[in-house]
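Working notes for the structure below.
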Amino acid sequence: MNLNLRNAVITNVTGNSQSELQDTIVDAIQSGEEKMLPGLGVLFEVIWQNASQDEQQEMLTTLEQGLKK
């Protein structure tokens, strides 16, 4: 069986409201389940691809700050 994870995730959330998208993200993070990580990765890919260079830089700065110990 050939499952395209990207398409499945995108199909699952296409047409969702911001509130529904937020619920999806928060639920995935709070569940702590490893199986949710690929889906979050697909959502991040969509964000990254649709962000300006300034927005991408802001995300990188936020990520760098969040990973400092």
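In order along segment 45-54, phi translates into HN-Hα couplings of 4, 5, 4, 4, 5, 9, 9, 6, 4, 5 Hz, rounded to whole numbers, per the Karplus curve 6.51 cos²θ - 1.76 cosθ + 1.60 with θ = phi - 60° and x for Gly and Pro. Normalised Debye scattering of the chain at q = 0.16, 0.17, 0.19 Å⁻¹ gives log10 I(q)/I(0) of -0.68, -0.76, -0.93, counting only Cα atoms as equal scatterers and leaving out solvent. The sum of -39500 (n - 2.57) across all DSSP H runs of n ≥ 4, divided by the residue count of the chain, sets its helix-only mean residue ellipticity at 222 nm to -23500 deg cm²/dmol.
Placing +1 on each Lys and Arg Cβ and -1 on each Asp and Glu Cβ, with no other charges, gives the chain a dipole about its Cα centre of roughly 220 debye. Could you point to the residue in Leu60, Asn4, Ser17 farthest towards the positive end of the chain's charge dipole, with +1 and -1 charges on the Cβ of Lys/Arg and Asp/Glu respectively? It is Asn4.
Throughout, read-outs are computed from the coordinates displayed, never taken from laboratory work. Note that the structure is a prediction, hence the values are computed from the model and not measured. Cβ: placed from backbone, ideal geometry, glycine included. Neighbour counts: every protein chain shown.
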